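Novice: Quick one: this structure, given as structure tokens, is what I'll be asking you about.
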Amino acid sequence: MTLTPERAPKTAGVRRLTRTLYASAFCDEFVLLYPVYALLFSDTGLSVWQMSSLFALWSLTGVLLEVPSGAWADAVSRRLLLVLAPLLTAAGFALWVLVPSYGAFALGFVLWGAGGALGSGALEALVYDELDRAGAADRYARVMGRARAIGIAATMAAMGLAGPVFAWGGYDAVGAASVLVCLAGAAVATRFPEHRTPSAGGERWTASLRAGLAEARGDRSVRGALLLVPAVTAVWGALDEYTPLLAEDTGVAQETVPWLLLVIWAGATAGSLLAGLAERLTTTGFAVLIAGSALALAVGAAAGTPVALLLVALAFGGFQLATVLADARLQRRIDDTGRATLTSVAGLGTELGTLATYGAYAATASVTGHGTAFAWATVPYLLTALLLAGAARTTAAAARARP
């Protein structure tokens, strides 16, 4: 097919955007420290409560910076924030391996949390706006689903390499590799296209924040979409940090843990790739997806065997799919000018939910073990599924009642 002169640049722009996004997603997740840093904390002598406090500090950093960074991303260059984010993360990882201690771990999590806050909201807003500019906004869920799948594939590759690299050079080797890939991610982010014209300044920053919050207050559908994102994302995002410990509790050797995590994240990858096909899922279907994933997680985690982790993989696939779909629904409902701000508001809700999950998990796992703690963590998902099913019935009844 021959492209018109107007369409050719737009197609080329989408191609550049997606290639950069996929490369950035790979760099963000190809971190060899991911599958072993919980073990690093444990080997340094940290207790479950201390590890949970670190995860809570990480989440608290995001809570404090999430919304301001989103409003900032609506006021200044989003691409600039995407370049800065991995540089902060690199500094945090370097601290962990150079001076392993509770204080260094805490500072590293603050830097990592700050980097995550800078990228959160800015990435989704930049991608959606650039796709919309090219007339391809309907491809958002598919593109982001693929990006998440590539990120998970990168995580899986890191898990596969973590064992051999760790056996060769210990925590120093996996730490150095992790810092290098973060620096590569910063370089890749400079390639993101950005056609919006940011206007900096304190007045514009606060104006972005006010406009975004006003939109959420004035539109019920926006509020619902905002609440759905943390309801879907928060709990399983927190449980992700404990999956190495869940795998270790099945009785396997430490060297086998990364391979079991590969199985879990293979399920999450499959969920991401299904996002394009499942984009038109009804509210009832969404409720079934969440409830089914919760039940699979409860049974698989409570069984306490390596084979049962296949059910955990199935659950993570369902939750990953639900996460992509919830984000796509939110992006369709919000205005361009406050897109990063409202995406960050949803991120703030996720961080608060994650923070609560860390505390609840530590309290439960200290008494019952990791498998039971995972099972109890499915309760919020079952409640969310019930609420969605009830909302779908109410909407259907109202539609039937109309003349």
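Novice: Answer yes or no: is there a residue in region 304-314 that is part of a helix (DSSP H, G or I), under 17 Å from Y140 (Cβ atoms) and either touching a residue at least 12 places away in the same chain (Cβ under 8 Å) or polar (S, T, N, Q) (or both). Spell out the reasoning first.
Specialist: Of all residues in region 304-314, those part of a helix (DSSP H, G or I) come to 309-314.
Remaining after also requiring under 17 Å from Y140 (Cβ atoms): none.
No - not one qualifying residue is present in region 304-314.
Novice: Among the listed residues T357, T372, which satisfies the condition of being of a type outside the set (A, V, I, L, M, F, W, C), farther than 29 Å from R139 by Cβ, out of contact with any Asp or Glu (no Cβ under 7 Å at 6 or more places or on another chain) and surrounded by fewer than 23 Cβ atoms within 10 Å (Cβ to Cβ)? Walk me through it before giving the result.
Specialist: Working: T357 fails: surrounded by fewer than 23 Cβ atoms within 10 Å (Cβ to Cβ).
From the options T357, T372, the qualifying one is T372.
Novice: Inside region 128-141, can you point out the residues that are at pLDDT 90 or above and farther than 16 Å from R333 by Cα?
Specialist: E130
Novice: In region 39-77, what count of residues is obtained for those that are within 18 Å of the chain's Cα centre (by Cα) and closer than 20 Å to A177 by Cα?
Specialist: Total satisfying the criteria: 0.
Novice: Identify all residues within region 220-253 that are more than 17 Å from L309 (Cα to Cα) and of a type in the set (S, T, Y); write none if there are none.
Specialist: S221, T233
Novice: Checking T269 against (1) over 17 Å from the mean Cα position of the chain (by Cα); (2) part of a helix (DSSP H, G or I); (3) of a type outside the set (G, A, S), which single condition isn't satisfied?
Specialist: T269 satisfies all of (1) over 17 Å from the mean Cα position of the chain (by Cα); (2) part of a helix (DSSP H, G or I); (3) of a type outside the set (G, A, S) except (1).
Novice: Let me ask another. Tally time: how many residues in region 166-175 are over 17 Å from P244 (Cα atoms), touching a helix residue (DSSP H, G or I) at 6+ places or on another chain (Cβ under 6 Å) and of a type in the set (A, V, I, L, M, F, W, C)?
Specialist: 1
Novice: Let me ask something else about it. Only one of A90, A85, A117, A94 is part of a helix (DSSP H, G or I), touching a Cys at 6+ places or on another chain (Cβ under 6 Å), farther than 19 Å from H195 by Cβ and of a type in the set (A, V, I, L, M, F, W, C). Can you tell me which? I'd like the intermediate steps shown before the answer.
Specialist: Values: A85 fails: touching a Cys at 6+ places or on another chain (Cβ under 6 Å); A117 fails: touching a Cys at 6+ places or on another chain (Cβ under 6 Å); A94 fails: touching a Cys at 6+ places or on another chain (Cβ under 6 Å).
Exactly one of A90, A85, A117, A94 is part of a helix (DSSP H, G or I), touching a Cys at 6+ places or on another chain (Cβ under 6 Å), farther than 19 Å from H195 by Cβ and of a type in the set (A, V, I, L, M, F, W, C), namely A90.
Novice: Just one of (1) surrounded by 21 or more Cβ atoms within 10 Å (Cβ to Cβ); (2) in contact with a Ser or Thr (Cβ under 9 Å, 6 or more places away or on another chain); (3) more than 25 Å from T256 (Cα to Cα); (4) at pLDDT 90 or above trips up T341, so point out which.
Specialist: Status for T341: all satisfied but (4).
Novice: At pLDDT 85 or above, surrounded by 22 or more Cβ atoms within 10 Å (Cβ to Cβ), within 19 Å of A157 (Cβ to Cβ) and out of contact with any Asp or Glu (no Cβ under 6 Å at 6 or more places or on another chain): which single residue out of Y22, Y37 fits that description? Explain how you work it out, then say what you get.
Specialist: On the way: Y22 fails: surrounded by 22 or more Cβ atoms within 10 Å (Cβ to Cβ).
One residue alone meets the criteria, Y37.
Novice: State whether one or more residues within region 90-101 are within 17 Å of the chain's Cα centre (by Cα) and either surrounded by fewer than 21 Cβ atoms within 10 Å (Cβ to Cβ) or within 23 Å of S344 (Cβ to Cβ) (or both).
Specialist: So the first thing to find is which residues in region 90-101 are within 17 Å of the chain's Cα centre (by Cα), and the list is none.
Looking for residues that are within 17 Å of the chain's Cα centre (by Cα) and either surrounded by fewer than 21 Cβ atoms within 10 Å (Cβ to Cβ) or within 23 Å of S344 (Cβ to Cβ) (or both), one finds none in region 90-101, hence no.
Novice: Let me ask something additional. Can you go through G170, G212, G185 and tell me which one is surrounded by fewer than 15 Cβ atoms within 10 Å (Cβ to Cβ) and either at pLDDT 65 or above or not hydrophobic (A, V, I, L, M, F, W, C) (or both)? Quick ask: steps written out before the conclusion?
Specialist: On the way: G212 fails: surrounded by fewer than 15 Cβ atoms within 10 Å (Cβ to Cβ); G185 fails: surrounded by fewer than 15 Cβ atoms within 10 Å (Cβ to Cβ).
On inspection, the qualifying residue turns out to be G170.
Novice: Would you check if there is a residue in region 117-132 being under 30 Å from Y171 (Cα atoms), out of contact with any strand residue (DSSP E or B) (no Cβ under 6 Å at 6 or more places or on another chain) and among the aliphatic types (A, V, I, L, M)?
Specialist: First pass over region 117-132, keeping only residues under 30 Å from Y171 (Cα atoms): 117-120.
From the residues that got through so far, the ones that are out of contact with any strand residue (DSSP E or B) (no Cβ under 6 Å at 6 or more places or on another chain) too are 117-120.
When the remaining residues are screened for being among the aliphatic types (A, V, I, L, M), the result is 117-118.
Yes; the residues of region 117-132 include at least one that is under 30 Å from Y171 (Cα atoms), out of contact with any strand residue (DSSP E or B) (no Cβ under 6 Å at 6 or more places or on another chain) and among the aliphatic types (A, V, I, L, M).
The values are calculated or read from the model by the stated rules, or taken from the named source; none is laboratory data. If you're wondering where the values come from, they're calculated on a predicted model, not measured in any experiment. When we count neighbours, we look across all protein chains shown, and the Cβ atoms used for this are built from the backbone with ideal geometry, even at glycine.
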